[in-house]
1. Compute the helix-to-body angle for 117-138: its Cα long axis versus the longest principal axis of the chain, expressed 0 to 90° and rounded to tens.
2. Extension gain Ala16-Ile120, at 0.36 nm per residue separation less the Cα-Cα distance, in nm?
3. Scanning the chain for trypsin sites (Lys or Arg not before Pro) in DSSP loops with at most 13 other Cβ atoms within 10 Å, what's the longest stretch left with none?
4. At q = 0.10, 0.15, 0.25 Å⁻¹, what is the log10 ratio I(q)/I(0) for the range 1-89, with the Debye formula run over Cα points and no solvent?
5. Within the range 74-115, name every residue whose backbone N is under 17 Å away from a label modeled 7 Å from Cα of Ile63 along the Cβ vector.
6. Counting only other residues whose beta carbon sits under 9 Å from that of Asn92, what net charge do I get with K and R as +1, D and E as -1?
7. Would you mind checking the tilt of helix 52-72 against the longest principal axis of the Cα atoms of the chain, expressed as 0 to 90 degrees and rounded to 10?
8. If I build a Gaussian network model for the chain, linking alpha-carbon pairs within less than 10 angstrom, which residue out of Leu108, Leu129, Leu90 has the largest mean-square fluctuation?
Amino acid sequence: MKNNPQIIVIAFLVFAIDRILKIAGIQGCFSIICFSESRNTGAAFGLFSGMTWIFIIAALVVIFLALLYYNKTKNSVAKLGLAFIIAGTLSNFIDRIAFGYVIDIIRLSFMQNLFNIADISNLAGALLLLIGLKKTKRS
């Protein structure tokens with residue numbers, strides 16, 4: 001990743017926060033956010049459970065393509081989105097390699113499913129990437 005040190009720092013912080021929260025094993029509820037640990041062998045909402053190797057390969061492809069496009073684009077919004085995607089995908093990739101599942105730790109009081117900071121990072125990254133691509137198209 002070249003020439004946007006702030007974006008790299010943000011991506012590293014997102015990655016580090018996700019790893020720390022997963023390792024810390026925080027338990028309990030605070031307002032609408034509850035922390036507990038769940039093992040997810042699937043994708044979002046537990047879809048496609050047990051397909052760990054497919055998710056590992058998919059993560060490698062996503063990281064490779066995101067790095068490739070990051071270095072080619074000049075759009076800072078797209079770069080930020082890609083950095084979030086790389087950080088989130090890398091953290092969940094580490095879980096899958098180390099444990100065979102992703103550690104989900106966050107549940108909102110109005111939701112049944114758990115998720116993690118990496119999932120939020122991937123979602124935010126996808127949205128920023130779409131905004132950046134749309135912005136680039138207009139130019």
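1. Between helix and principal axis, roughly 20 degrees.
2. Details: separation 104, 0.36 × 104 = 37.44 nm, distance 1.36 nm.
My answer for the length gained is 36.1 nm.
3. On the way: sites that count: Lys2, Lys74.
It runs 3-73.
4. Results for the range 1-89 at q = 0.10, 0.15, 0.25 Å⁻¹ read -0.35, -0.74, -1.19.
5. Backbone N within reach: 82-103.
6. Working: positive: Arg96; negative: Asp18, Asp95, Asp119.
With Lys, Arg at +1 and Asp, Glu at -1, the net is -2.
7. Between helix and principal axis, roughly 30 degrees.
8. Comparing Leu108, Leu129, Leu90 in a Gaussian network model of the chain, the most mobile one is Leu108.
Each value in this text was obtained by applying a stated rule to the coordinates, not by laboratory testing. It should be emphasised that the depicted structure is a prediction, and the values quoted were computed from it without experimental measurement. When we count neighbours, we look across all protein chains shown, and the Cβ atoms used for this are built from the backbone with ideal geometry, even at glycine.
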